[in-house]
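K.L.:
Quick one: the structure is below, and I'll ask about it shortly.
The values are calculated or read from the model by the stated rules, or taken from the named source; none is laboratory data. Predicted, not measured: the structure shown is a model, and the values here were computed from it. Neighbour counts are summed over all protein chains in view; Cβ atoms, including those assigned to glycine, are modelled from backbone coordinates with ideal geometry.
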Amino acid sequence: MTQNRTNFGSRFGIIMAAAGSAVGLGNIWRFPVETGNNGGAAFLLVYILSVAVLGIPLMVAEFFVGRYAHSNTATAYRKLSKSAFWGNLGFISVIGATLILSYYIVVAGWVLKYMIYSANGTLSAIFNASDASNYTALFNGFASDVWSPIICMVFFILMSHCSIILGVQKGIEKFSKIFMPMLFVILIVLVVFSLFTPGAKDGLYFLFHPDFSKLNSQSILSAVGQSFYSLSLCMGCLCTYASYFSKKVNIVNTAVSISLIDSIVAIMAGIIIFPAVFSSNIDPQTGPSLVFIALPSAFHQAFGNWPIISYIVSTLFYVLLVLATLTSAISLHEVPTAYISEAWNVKRTHAATIVTIICSLLGILCSLSMGILSDVTLFDKNIFELFDYTTTTLMLPLCGILITVFIGWKVNKYLIVSELTNNTYKNTAVVNIIVWILKYVAPLLLIVTFLNGLGLFEF
């Protein structure tokens, strides 16, 4: 059975779909946490520099492979390399995307539940200005429960499943063109609300006034890692989406546009979160618990005199998170779906169903590891933590290193120039800079980040 591949229908659809892939929890949850942990504005500047120096060239590299081969990620590298070793690089991305989606949907289920908690008044009802333990107890009780997180997780992955089975134009592109503008509208509304909180001045000062004394080698590496994670690099998503690009798409301009959108979303998330945090005298270094424990309290404290505003802000924030996680989950789902459909020669609906079932089963294990399976560990990590560590600390940086070496040293430079200029050979200076970064700068940065994540190198 021959698989008919379609392309995205419009440039707007391409930008929204690829931006939806990049914009996720990495921007709205992880970025504020990393910024809070690493001194605020100084970290922000390093992050922006990292996006420009590392993120955009790597995104261009993935776009190049996907568009040139016009096939799923695993097949794309085989077509381009004509080598068994380098051909396996794409397959690693497929495995990585599957594992990431498996624990990502667990967190997405938490977000979905908190949207419900906010909408039905549960978060407002348990608010106590002098004691945030109610929120701690609520989250711990839900996350460690057996059935509630699993039900939310399954419901969430079924939402992404529905988008995937509809195809590229009718599913991925159509949903992205709806969800991403909604996301930006909600972001703008929340930014406006945040500017009227008592802590707005302090929050904005923390976010935009650099204190370079708090900048060290670890915060620099954290910024590099955050740019990597935030842009969804080396997960196969960008390569897969690029396989649906027409030959008229300017790859470099598209990568710059998506990186710009992604960074703007991250900064806007900071503008939303830090004023609320400072209004409530909450430590900006709260960590991952920020979203589920600190922020519900912060929103209600910041808008304590306007209960209806507090309710609206809290609910809109979790709707925002649901939209962000959904667009990212769709892109992760598409990576193994496209591979199974084309490599195994099965219908797209059947391929998507296989992926949904596999990720749901793995996701159940990850969810249960927060409760009844918490004692099941390997290398002192539960199942959820093991999936996270294996993908973000090992697989993604390793894939990044291999991709930069492959593009920078193995692929014919003239082929890259031809593809990135759409055979016009204009603006070759920009392409040459990108190739040079991929050849020398990016591998070095990624090797240092990789070794640091393993605890083998510190400076």
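Residues checked against (1) at pLDDT 95 or above; (2) assigned to a helix (DSSP H, G or I); (3) of a type in the set (Asp, Glu):
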position	(1), (2), (3)
Val107	no, yes, no
Ser124	no, yes, no
Ala129	no, no, no
Leu138	no, yes, no
Ile151	yes, yes, no
Leu158	yes, yes, no
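K.L.:
Being of a type outside the set (S, T, N, Q), closer than 30 Å to Cys399 by Cβ, assigned to a helix (DSSP H, G or I) and modelled with pLDDT of 90 or more: is that true of Lys174 here? Give the derivation first.
P.N.:
Details: of a type outside the set (S, T, N, Q): yes; closer than 30 Å to Cys399 by Cβ: yes; assigned to a helix (DSSP H, G or I): yes; modelled with pLDDT of 90 or more: yes.
Spelling it out, Lys174 is indeed of a type outside the set (S, T, N, Q), closer than 30 Å to Cys399 by Cβ, assigned to a helix (DSSP H, G or I) and modelled with pLDDT of 90 or more.
K.L.:
Just one of Gly121, Gly96, Gly109 is out of contact with any Lys or Arg (no Cβ under 6 Å at 6 or more places or on another chain), at positive phi and of a type outside the set (D, E, K, R); which is it?
P.N.:
Result: Gly121 is the single residue among Gly121, Gly96, Gly109 that is out of contact with any Lys or Arg (no Cβ under 6 Å at 6 or more places or on another chain), at positive phi and of a type outside the set (D, E, K, R).
K.L.:
Of the conditions (1) in a helix (DSSP H, G or I); (2) crowded, with 23+ Cβ neighbours inside 10 Å; (3) touching a Phe, Trp or Tyr at 6+ places or on another chain (Cβ under 7 Å), Tyr244 satisfies every one except a single condition; which number is it?
P.N.:
So the condition that Tyr244 fails would be (1).
K.L.:
Does Cys239 count as in a loop (DSSP other than H, G, I, E, B), surrounded by 24 or more Cβ atoms within 10 Å (Cβ to Cβ), in contact (Cβ under 8 Å) with a residue 60 or more places away in the chain and touching a helix residue (DSSP H, G or I) at 6+ places or on another chain (Cβ under 9 Å)?
P.N.:
For Cys239, the condition - in a loop (DSSP other than H, G, I, E, B), surrounded by 24 or more Cβ atoms within 10 Å (Cβ to Cβ), in contact (Cβ under 8 Å) with a residue 60 or more places away in the chain and touching a helix residue (DSSP H, G or I) at 6+ places or on another chain (Cβ under 9 Å) - is not met.
K.L.:
Turning to a different aspect of this structure: Among the residues of segment 395-406, is there at least one that is in a helix (DSSP H, G or I), more than 29 Å from Trp86 (Cβ to Cβ) and touching a residue at least 60 places away in the same chain (Cβ under 8 Å)?
P.N.:
Looking through segment 395-406, none of the residues is in a helix (DSSP H, G or I), more than 29 Å from Trp86 (Cβ to Cβ) and touching a residue at least 60 places away in the same chain (Cβ under 8 Å).
K.L.:
Hey, another quick one. Quick check: is even one residue across segment 118-140 without any contact (Cβ under 8 Å) to a residue 60 or more places away in the chain, closer than 27 Å to Leu396 by Cβ and of a type outside the set (D, E, K, R)?
P.N.:
Among the residues of segment 118-140, not one is without any contact (Cβ under 8 Å) to a residue 60 or more places away in the chain, closer than 27 Å to Leu396 by Cβ and of a type outside the set (D, E, K, R), which makes the answer no.
K.L.:
(1) more than 16 Å from the chain's Cα centre (by Cα); (2) under 28 Å from Leu386 (Cβ atoms): which one isn't true of Val46, the others all being true?
P.N.:
Only one criterion in (1) more than 16 Å from the chain's Cα centre (by Cα); (2) under 28 Å from Leu386 (Cβ atoms) is unmet by Val46, namely (2).
K.L.:
Still on this structure, I have one more. Does Leu362 qualify as being free of Cβ contacts under 8 Å to residues at least 60 places away in the same chain, over 26 Å from Ala84 (Cα atoms) and in a helix (DSSP H, G or I)?
P.N.:
no
K.L.:
Modelled with pLDDT of 90 or more and either among the hydroxyl-bearing types (Ser, Thr, Tyr) or out of contact with any His (no Cβ under 6 Å at 6 or more places or on another chain) (or both): is that true of Val185 in this structure? I'd like the intermediate steps shown before the answer.
P.N.:
Values: modelled with pLDDT of 90 or more: yes; either among the hydroxyl-bearing types (Ser, Thr, Tyr) or out of contact with any His (no Cβ under 6 Å at 6 or more places or on another chain) (or both): yes.
Yes: the conditions hold for Val185.
K.L.:
Quick one: Phe142 ticks every box in (1) among the hydrophobic types (A, V, I, L, M, F, W, C); (2) crowded, with 17+ Cβ neighbours inside 10 Å; (3) within 23 Å of the chain's Cα centre (by Cα) except a single one, so which number is it?
P.N.:
Every condition holds for Phe142 apart from (3).
K.L.:
Give me the helices (runs of 4 or more DSSP H) completely within segment 1-53, filtered to those with at least 2 residues that are more than 25 Å from Tyr339 (Cα to Cα) and in contact (Cβ under 8 Å) with a residue 12 or more places away in the chain, ordered by residue number.
P.N.:
31-37, 41-50
K.L.:
Pick from Pro443, Pro397: which is more than 30 Å from Leu365 (Cα to Cα), surrounded by 14 or more Cβ atoms within 10 Å (Cβ to Cβ), within 25 Å of the chain's Cα centre (by Cα) and of a type outside the set (A, V, I, L, M)?
P.N.:
Going through Pro443, Pro397 in turn, the sole match is Pro443.
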